[in-house]
Each structure stands twice: as C-alpha cells, then as structure tokens.
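Here the structure comes first, spelled out in structure tokens, and everything after it is commentary.
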Amino acid sequence: MTLEQYSVRQIKGVSAPKEEELHAFGVQTVADLLDYFPFRYEDYRIREIAEIKDGEKVTVQGVIRGNPVLQRYGKSKSRLTCKVEVDHMLVTAVWFNRHFLQNQLTPGREIVLTGKWEQQRLQMTVSESEFADKSTGMMKSGTLQPVYSVGGGITQAWMRKTIKQALLQYGTMIEEVLPHELVERHRLMPRRDAVQRIHDPGEVKEGLEARRRMVYEELFLFQLKLQAYRSLTRKRGDGIVHQVNGETIRNFAATLPFELTDGQKKVVNEIMSDMRQPAAMNRLLQGDVGSGKTVVAAIALYCTIKAGHQGALMVPTEILAEQHLRSLQKLFAGSGIEVGLLTGSLTEKKRRDVLAGLQMGMIDIIVGTHALIQDDVFFRSLGLVVTDEQHRFGVNQRSILRRKGMNPDVLTMTATPIPRTLAITAFGDMDVSTIRERPHGRKPIKTYWVKHSMMDRVLGFIRREVGEGRQAYVICPLIEESDKLDVQNAIDLYVQMQQAFPDLKVGLLHGRLSASEKDEVMSAFGANETHLLVATTVVEVGVDVPNATLMIIMDAERFGLSQLHQLRGRVGRGAHQSFCVLVADPKSENGRERMKVMTETDDGFEVSRRDLELRGPGDFFGTKQSGLPEFKIADMAADYEMLELARDDAAELAGRDDFWTNPTFERARVLLLKDQIFQGEQLD
Ligand code: ADP
Ligand code: MG
C-alpha cells in the first residue's frame, strides 16, 4: 500500500469530525497530510539574554527565584509576576490571565519563557511557558515549531500534534519519487528525510534544505508533466502533415497590402516548418499589441486550406470574432475561400447552417468564440486551430481542444508578453515564437498622465485630433460586480461627450448591447462614421481601427498595467502619431507607480516586467482562470533558478527513449499518469 491509500482516519487522534475539517484543506489521505507543509517556523530556540534587543520576541531559560505575586482585576482578568534568574540576571516575568500558574511557580524550579523582552525594566511579558522538568517529549522549548495554515476546528497545536503522529506511524513508508540520479546530482535530501525535516527541522539550515528539496520536487514534477506531454505528442507524430510548397505561400504573401516585417517572416517560417511535420504543432506566438499577429494567423490558415483541410480561429469576445471575420474575408477576397462565423448569439437556424457547412466542408475557415469547442461542432477535416488573445487557456484546456478528434495543429497567439518564468510554467508544453518589432513606420505612442481637473485640455486634444481627420476612444472603467452601474457609467460619459461635442458623431459600446448592436457600433467606427467612441473595456483586446489615434482612459488607476497596455494598443496601428491619455487621481503609491510606468514605456515586455514586480506572479493573469498551477511550496519569483533547473532536467528526462519503460522512473510515471492531460493518451 502507498500513503495515498490510507485515510487520515488511520492516524491516532483523528476523529470523523476532524477528518471532515481536514477535507477543507484538501487533505484526505495520509500522503496529503504529510505534504501539508508549514509556511514558516516559530523560533523557540533558547537565547542568551545579553544578546537580546529591546522589544524582541524570544525564548529564554531560567530558574524561579522568588514567590509569585497575583493581582486580580474583575472576574476573569489577572496579572501574575515572578522573579526568574536568567543567565545570572534577575528578570521579572509577567503573565496575564494565567492565575492557575501561581501554584506551580515554586522557587528553584527550571522554566522556559517565551515572550516579549523589555530591556529597560528587565521584564518579559510571557506568552508561553514550559517547565523544563516536565518534559514530555512534546516540548516546544529549544525547537523551531512549524506554523501551518489552519482554521475552523483545526488549531495550530492540533495540526502540529497530528502531523507528528502521522510521521511516527507512517514516516518510514515515505518513498522517493525523484529519479535517483537527480537526487544525487543536486545533492537533494531524500524524500523521507525532507518530509520529516520540513515538519520538524531542528536547525534552520535543515529546514531550508528540506524546503529546497520539496520545491525542486514540486517544480520538477510539474515540468515533467509538460515536457512528457510535449515529447509524447512529438514522438507519436500522428498530426497532420501539411504539404504546401513555399511558392504558394510566397504568392499569397505578395497579395497582402504590405510587406511582412522580418519578425513576421521569421515566425511564418517557424510555423510552416511545424505544419509540415507529422507531429502536431503546439506553438505559442507572442507579440506585443500591434505587432501584426493576425496576418501571420491568416497565412497559417491559408496553408491548411491549400493542404485540403479546414481552419478555426478562436477568440475571447464576439467583437473580436466579428472583426477577424471581416479582416479574413478581405484578405481572402477573390480566392474562393469561405469564411464563417460561429458565436453564442447566432440564431438556432443560422447555427445549424454553420455546423452543417463545417461538417460538409463548405466552410473553409471558421471564426468564433468558445462556441467553437462545444461538443456538437464537427469538422470535415480540421487542420489548424488558432486561438487569439487566449492567454487564459490552461494546459488542460489546450489538450481538450487538441483531442477534438482530429489532432490538428495548434497556434496560440498572445499579446501579453509573458515573463520567462511564467512562460515556461504556463506554456512549458509549447514551442514559443516571438515578434519583437512593430511594422515599419510606426511611431511610439506618446502617453500622458493628467488629473481630472485637466479634463478641459483633454477635450481640446480630442477636438484637435478629430479636426485632423482622426478618431478617438474614451474608455470608462468596468465597475466590478455591477454590470448595471457599469453601463450607467458609460451612458453618462456618452451624454457628456455629446454635450461637449454637439457637432461630432459619438458612438457608445458596452457589454449590455446585443452582438448585432455591437457589430453596428464597431462597423460605424471602423468606417469613420463616428468620430468618438465611448466604450467600456469590451474594446480591450484585439480591436483594430488604424485611423484612431487617441486613447483616453478615464479613472485609469482602476486598471491593471497589462490592461492599460492592451487598451493603449488600440491606437498606434496606422502611420499617424498616436497618443494615450490617462485621466487619473490615484490615491495609492501603487496606483501612481502604474501611471508612471505607462508614461515611461510603451514596450509591452517592459510593462509586463514592471507589472510582475508590482503585483507578484500569482496575480499576473488574474489568478484562478489563468491556467497557472497553484504551487504548494514553490514561489515562482523567489525560486526562479530552481524553476529553470527543474525544467531543464524534466526536458532531458522526458526526451529519453526509455522514459516510458525504464523501471527507475516508475514512481514519477505513476504520478504523471494521474494527471488529467494524460487521460486517454496511448502510451507505449
Ligand atoms: P496584433 O498583433 O495586435 O493582433 P494586428 O494583427 O491587429 O496586431 O495588426 C495591427 C495592424 O498592423 C493591422 O492594421 C494590420 O493590418 C497592420 N499590419 C500588420 N502587419 C503589417 C506590416 N508588415 N506592415 C504594415 N502594417 C501591418
Ligand atoms: Mg490581435
């Protein structure tokens, strides 16, 4: 039996109600409990009084030298004092509300005190005390005590006791999961020792060594999952071989209204080479907003069609779907390629038509939202799936998509430049292509930060740009948890703008509009029939209107950095100088910092680096839906080097021919195969 097969009930002292409580912490089995690591230690090691500073919380050992004095206040409050000799110094120990200790404080008895030291009065306010002669083997004194995340009916003391008990009963059954050679190479503590030590470190150094081992294990197993999955799909080589010659692609590229940038060319080559391989492509295309990812996707889609298959382009919003539909229709005009649209707001009849068209192969390219991956969507022959701005897709969702039956090539595009740590964690199963430059002739967007009191000047700015034939966005922030207020806010701003510019055409875009209303508003703006577009963040991703040169963001302090950068990316998409104005009176230092970052750089990689700094990695994608794993012990920023190491080791191991067969790796394989992404995979 393994520790995963023992319920926590088997541990002495765990009752049925306690078992229930433990479930709330994700602890069901003995293995879970032993892997429930402390997040810090409390130091009960005994200190020399001479080296203690005023106000420190410390533990000292001494001998009782006087009789205790008890003062009572009211019914239940009391103050107990007693002289204690510590390191040849007479100290006053003070306990609050511990009157019952009075009888036990007999002169000559040895005692260990933990509390706050007051240098001036040679006094210690005691929070915990133990008698040295009463040692039961559970003494805290002299040790580092683990501190666990607890709550409900589970106290710190109970958790400590129960984990100790679990170690006593089951400690010897803890098995190594890491391949022996890696344990050796990095001089890691064996798992059994590490688990023991992390709960009961003895020395700080041991605790840290134990932690290092567990961090490596966690990161390694996570990376191994990604790398094994990656090598599996590669080796299997049952993807679609797209046989298209370079000539065909070059001819198509020549029909584009512009020449591809070097970055675009390089990425197109990488994608073409993947698509010709028998292994399914699994590639991430990173490129800052405005770097021209759409046309790269179009070329890849063209390639799949020329090879006799169909393509799908999946995006997060309906607005974006509509826009991509239009731009693809334009790009493929006259080529006989049929582009369709599938979103949640199609009528039932239209939807049926589209589904039939896909199944029979009348539609070559389908653009859509999540509606694309529903169960009843079938393709005649799906060759390529492109997801745009879908950085919130996790590893598992990507594998679901791939298993939609056809094993198509997959290209994921994101404008959120991802710091390397996150890239190898969230996208470790993918190959990465990056476009670093924007198309030639693009001027950097000038960004200003102004206070609300300067709104008049902002309005003057709008008038000037519109006077020169350009267009502007005015963004009002999403009010969280209130869709209604949100819409009201947008309407108010819309009315204000109409009053300020009675002679201009103002459009309004928010989440409550129907799909066809949104489409109408966007078409009018795209055709320069409206000069000014008041919008909520629904325009955040992907929207492309090159004539718009001015982006005004109201209450900009309410947005995160990457969101501001995305919004700013809606301008600067044509040859004209573009501007972004942040209207904000931030109250917090962090808010001011964000505004400053925006004015200092318009490079997405730099923005995301600063964002990571200000927010920490856990929050980077907006936590839960991120597809990022939640590590139990590893800290992505602090354990960066370990992450790199773990990844390299995992890639090496997963790439070995004997990884799936060699008995040495059995434990690691067993752990892997429990993961959802390997379910239903053919292994041999
Ligand atoms: P993003 O990478 O943000 O999705 P888009 O694909 O929407 O960027 O491209 C931004 C704009 O740049 C579009 O209007 C597109 O037509 C244009 N564009 C793309 N590639 C080039 C190029 N090589 N030269 C000039 N303009 C380009
Ligand atoms: Mg885009």
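The values are calculated or read from the model by the stated rules, or taken from the named source; none is laboratory data. All figures in this text were calculated on a predicted structure; none of them were measured in a lab. Cβ placement follows ideal geometry from the backbone for every residue including glycine, while neighbour counts extend to all protein chains displayed. Quick note on the areas: whole protein, heavy atoms, side chains included, nothing else; ligands and nucleic acids left out. Shrake-Rupley method; radii C 1.70, N 1.55, O 1.52, S 1.80 Å.
Which one is modelled with the lowest pLDDT among residues in region 398-418 that are among the charged types (D, E, K, R) and part of a loop (DSSP other than H, G, I, E, B)?
Taking the candidates together, the pick is Lys404.
Hey, among the residues in region 290-307 that are near ligand 2 (Cβ under 9 Å from one of its atoms) and open to solvent by less than 10 Å² (accessible area, probe 1.4 Å), which one's modelled with the lowest pLDDT?
This residue is Ser291.
If you scan region 524-549, which residues turn out to be at pLDDT 85 or above, away from ligand 1 (no atom under 16 Å from the Cβ) and either assigned to a helix (DSSP H, G or I) or surrounded by 22 or more Cβ atoms within 10 Å (Cβ to Cβ) (or both)?
Residues satisfying the conditions are Ala524, His531, Leu532, Leu533, Val534, Ala535, Thr536.
Of the residues Asp519, Asp602, Asp585, only one is more than 16 Å from ligand 2 (Cβ to nearest atom) and under 16 Å from Val450 (Cα atoms); which?
Asp585
Out of region 69-127, which residues are charged (D, E, K, R) and not in a loop (DSSP other than H, G, I, E, B)?
Result: Arg72, Lys77, Arg79, Lys83, Glu85, Glu110, Lys116, Glu118.
For the list (1) within 24 Å of Lys518 (Cβ to Cβ); (2) among the aliphatic types (A, V, I, L, M); (3) open to solvent by less than 20 Å² (accessible area, probe 1.4 Å), I need the number of the one condition that Leu341 fails.
(3) is the only condition that Leu341 fails.
Identify, by number, the condition in (1) assigned by TED's automatic domain parsing to the domain that holds Glu175; (2) touching a strand residue (DSSP E or B) at 6+ places or on another chain (Cβ under 9 Å) that Val58 doesn't meet.
Every listed condition holds for Val58 apart from (1).
Take region 318-337 and flag every residue that is free of Cβ contacts under 8 Å to residues at least 40 places away in the same chain and within 11 Å of ligand 1 (Cβ to nearest atom).
The one that is free of Cβ contacts under 8 Å to residues at least 40 places away in the same chain and within 11 Å of ligand 1 (Cβ to nearest atom): Lys330.
Spot the failing condition for Gln264; the list is (1) over 19 Å from His440 (Cβ atoms); (2) within 16 Å of ligand 1 (Cβ to nearest atom), and only one is missed.
(1)
It is to be established whether one or more residues within region 22-38 are surrounded by fewer than 11 Cβ atoms within 10 Å (Cβ to Cβ) and aromatic (Phe, Trp, Tyr).
No: zero hits.
Please state which one of Gly246, Gly263, Gly237 is away from ligand 2 (no atom under 14 Å from the Cβ) and in contact with a Pro (Cβ under 6 Å, 6 or more places away or on another chain).
Step by step, each of Gly246, Gly263, Gly237 is checked, and only Gly237 is away from ligand 2 (no atom under 14 Å from the Cβ) and in contact with a Pro (Cβ under 6 Å, 6 or more places away or on another chain).
If you take just the strands (runs of 3 or more DSSP E) that sit entirely in region 281-397, which of them hold at least 3 residues that are over 31 Å from the mean Cα position of the chain (by Cα) and on the phi < 0 side of the Ramachandran plot?
Correct list: empty, since no element meets the threshold.
Please tell me if Lys265 is without any contact (Cβ under 8 Å) to a residue 24 or more places away in the chain and charged (D, E, K, R).
Criteria met by Lys265.
For region 241-260, state whether one or more residues are in a helix (DSSP H, G or I), at pLDDT below 90 and more than 16 Å from ligand 1 (Cβ to nearest atom).
Yes: region 241-260 contains one or more residues that are in a helix (DSSP H, G or I), at pLDDT below 90 and more than 16 Å from ligand 1 (Cβ to nearest atom).
Restricted to region 319-338, and to residues that are touching a strand residue (DSSP E or B) at 6+ places or on another chain (Cβ under 8 Å) and closer than 17 Å to Gly361 by Cβ, which residue is least open to solvent (accessible area, probe 1.4 Å)?
Per the stated criteria, the residue is Phe332.
Test Ala535 against the stated conditions and say whether it is of a type in the set (Gly, Ala, Ser), out of contact with any Asp or Glu (no Cβ under 9 Å at 6 or more places or on another chain) and farther than 27 Å from Ser453 by Cβ.
Against the criterion (of a type in the set (Gly, Ala, Ser), out of contact with any Asp or Glu (no Cβ under 9 Å at 6 or more places or on another chain) and farther than 27 Å from Ser453 by Cβ), Ala535 does not qualify.
Anything in region 272-286 that is crowded, with 24+ Cβ neighbours inside 10 Å and either among the small types (Gly, Ala, Ser) or within 15 Å of ligand 1 (Cβ to nearest atom) (or both)? List them, or say none.
Within region 272-286, Leu285, Gln286 qualify.
Would you pick out the residues in region 582-611 that are under 9 Å from Glu557 (Cβ atoms) and either hydroxyl-bearing (Ser, Thr, Tyr) or open to solvent by less than 10 Å² (accessible area, probe 1.4 Å) (or both)?
Leu582, Ala584, Ser588, Gly591, Met595
Which of (1) surrounded by fewer than 20 Cβ atoms within 10 Å (Cβ to Cβ); (2) more than 16 Å from ligand 2 (Cβ to nearest atom); (3) farther than 24 Å from Ile249 by Cα is the odd one out, the single condition Pro316 does not satisfy?
Failed condition: (2).
Looking only at region 550-562, how many residues end up being among the hydroxyl-bearing types (Ser, Thr, Tyr) and open to solvent by less than 10 Å² (accessible area, probe 1.4 Å)?
Adding up the residues that qualify gives 0.
Could you tell me whether Thr549 is among the polar types (S, T, N, Q), touching a Leu at 6+ places or on another chain (Cβ under 9 Å) and in contact (Cβ under 8 Å) with a residue 12 or more places away in the chain?
Judged against the criteria, Thr549 is not a match.
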